1. Report the residue count in the range 271-284 for those that are closer than 13 Å to Lys295 by Cα and within 16 Å of the ligand (Cβ to nearest atom).
2. Could you pull out every one of the strands (runs of 3 or more DSSP E) wholly within the range 146-212 that has 2 or more residues that are in contact (Cβ under 8 Å) with a residue 60 or more places away in the chain and assigned by TED's automatic domain parsing to the domain that holds Trp277?
3. Output the residues belonging to the range 211-256 that are of a type in the set (S, T, N, Q), within 15 Å of the ligand (Cβ to nearest atom) and at pLDDT 95 or above.
4. If Ala21 meets every condition in (1) crowded, with 24+ Cβ neighbours inside 10 Å; (2) at pLDDT 95 or above; (3) on the phi > 0 side of the Ramachandran plot apart from one, which number is that one?
5. Ile268 passes all but one of (1) out of contact with any Gly (no Cβ under 8 Å at 6 or more places or on another chain); (2) more than 16 Å from the ligand (Cβ to nearest atom); which number fails?
6. Hey, among Arg427, Arg454, which residue is of a type in the set (Lys, Arg) and at pLDDT 85 or above?
7. Looking at the range 28-55, which of the residues that are hydrophobic (A, V, I, L, M, F, W, C) and assigned to a loop (DSSP other than H, G, I, E, B) is surrounded by the most Cβ atoms within 10 Å (Cβ to Cβ)?
8. Within the range 290-298, can one find any residue that is within 13 Å of the ligand (Cβ to nearest atom) and assigned by TED's automatic domain parsing to the domain that holds Gln437?
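The values are calculated or read from the model by the stated rules, or taken from the named source; none is laboratory data. Every value quoted in this text rests on a predicted model; they were computed, and no experiment measured them. Positions of Cβ are backbone-derived with ideal geometry, glycine not excepted, and every protein chain shown enters the neighbour counts.
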Amino acid sequence: MKIILLNPIKRGQNFNVNVDAVIARHTGSRSKGGDFSPLGLTYIAALLRENGFDVRVLDPYPERIGFDKTIEICKEYDMVAMPLATLNASGAFELFENLKDKNRVFLGTYASSVADFLLAKGRCDIVAIGEPEESMLELCKSGGNPESIKGLFYYDGKNVVKNRARPLIENLDLLPVPARDLIRNELYSEVIFGKPTALLLGARGCPFPCTFCATRLMYGKSVRERSVENITKELRDIIENHHLEHIFFIDDTFTITEKRVVELCDAIIASGLKFKWVCNGRVDRVTPVMLRAMKRAGCIEIRYGVESASKEVLKKIKKNISLDQVDYAIKETKKTGIAPSCFFMIGNPGETVEDIRNTVSYAIKLKPYYAVFNISIPMPGSELFDSGTETALKGLDEKYDTVNSSGASGALSGEVLNKELLRSYLRYYLNPNYLGQLFSQLIQSPSDVVPVFRMLLRGAKEILF
Ligand code: SF4
């Protein structure tokens with residue numbers, strides 16, 4: 001059996017889509033932070049290949065392969081599997097329309113959250129619900145027959161059949177190292193590095209209950225950590241076999257426990273591997289000891305989700321952080337010499353225009369390395385999405401397919417939010433407070449300013465085009 005695993009594409013697509021089969025919170029937005037490699041596909045590919053299957057990974061947009069050519073390539077395979085993404089779902093549907101004689105499988109959070117709908121409408125033949133590696137392996141071993149394979153939903157010609165749920169993989173160390181030799185690593189980079197960057201997932205899942213986040217659908221509240229030795233093995237593969245010296249630890253929350261982070265950082269130092277890295281962090285989990293260990297091990301930036309300066313909004317979205325914790329984390333991160341960047345959301349339920357503007361004022365006072373503002377859109381798999389599923393499903397083919405805020409979560413209209421988004425960026429980046437910081441960076445280390453412009457350029461493209 002020949003299998004192709006690909007990222008979705010639609011006709012005329014001119015932007016990268018941030019979607020993954022394994023990183024549960026990547027459901028198909030544009031990312032201001034970088035162009036991410038298809039990590040989940042390389043995980044599945046590695047497992048299938050290890051079991052003797054002929055497998056290809058294709059990422060059409062970054063590889064500059066057009067829509068029709070992608071169909072042509074897929075026709076050479078028996079099974080076609082891809083994560084469904086919010087921004088180009090119509091393309092995925094059209095692609096599968098042209099491949100009716102193949103086993104057509106959707107993967108990832110978005111597809112898992114609306115599997116019944118997809119199957120009943122004939123958008124695909126099979127959906128791998130949740131964590132995909134083992135379900136995909138069993139499906140290939142069965143020659144494409146999904147009957148009684150745990151974790152698969154499929155259409156039997158009359159009904160949607162829901163097989164039993166697949167338990168999460170207990171020991172992630174047993175998975176092979178992602179097949180990075182099957183992708184063009186040079187196509188993927190991070191704004192902070194501007195150079196080829198590998199993604200590495202050291203743990204899956206997150207115990208926090210943020211209502212806007214899709215992680216819980218795939219992984220519940222559990223966190224499964226890979227061993228430090230297993231992560232170091234992958235680091236060695238990335239650096240020695242693929243010659244990549246920049247890494248994004250894409251864990252939902254890298255800074256979950258001090259002990260674990262310090263152990264990993266010590267192992268990185270002991271390995272002698274030289275690379276720079278960034279990660280996602282929670283303001284309520286970082287400690288000075290942790291930060292110092294990260295700095296020693298080559299961490300240069302931590303991305304914190306701050307979301308809002310309104311206590312009510314933070315409570316409503318169940319972020320479970322306080323502004324004191326934000327202040328502390330940013331101060332300590334700067335003190336260690338790591339750049340803290342902050343991500344804010346606008347348009348959450350209960351939020352007013354005044355709240356949004358207060359959030360921007362707070363960001364100005366906080367002075368992170370850079371600030372990113374996003375409109376809150378109910379991501380499939382999130383509590384926010386579930387609370388409006390009916391509305392979301394109605395727009396499945398169109399609404400999510402355009403870069404707009406028509407799916408916004410709160411009471412403010414898309415028009416208002418788009419204006420506020422632009423206003424937020426202008427206020428933050430043209431503020432004398434921030435310009436002063438940028439200017440002193442320019443004098444001390446001009447290269448530190450370049451990533452900010454890269455990020456702004458990506459943000460501008462999203463807002464204006
Ligand atoms: S902390 Fe919140 S936003 Fe971050 S991964 Fe966990 S649930 Fe998602």
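1. Number satisfying all stated conditions: 2.
2. Numbers: elements: 152-155, 160-162, 198-200.
Ranges flagged: 198-200.
3. Going residue by residue through the range 211-256, those that are of a type in the set (S, T, N, Q) are 211, 215, 222, 227, 230, 232, 241, 253, 255.
Okay, now just the ones that are also within 15 Å of the ligand (Cβ to nearest atom), so 211, 215, 222, 253, 255.
Listed by number, the list holds a single entry, Thr255.
4. (3)
5. Every listed condition holds for Ile268 apart from (1).
6. On the way: Arg454 fails: at pLDDT 85 or above.
Of the residues listed, the single one that is of a type in the set (Lys, Arg) and at pLDDT 85 or above is Arg427.
7. Taking the range 28-55 and keeping what is hydrophobic (A, V, I, L, M, F, W, C), we get 36, 39, 41, 44-48, 53, 55.
Subset that is assigned to a loop (DSSP other than H, G, I, E, B): 36, 53.
On the way: Phe36: 25, Phe53: 17.
Per the stated criteria, the residue is Phe36.
8. At the first step, the residues of the range 290-298 found to be within 13 Å of the ligand (Cβ to nearest atom) are none.
Within the range 290-298, not a single residue is within 13 Å of the ligand (Cβ to nearest atom) and assigned by TED's automatic domain parsing to the domain that holds Gln437.
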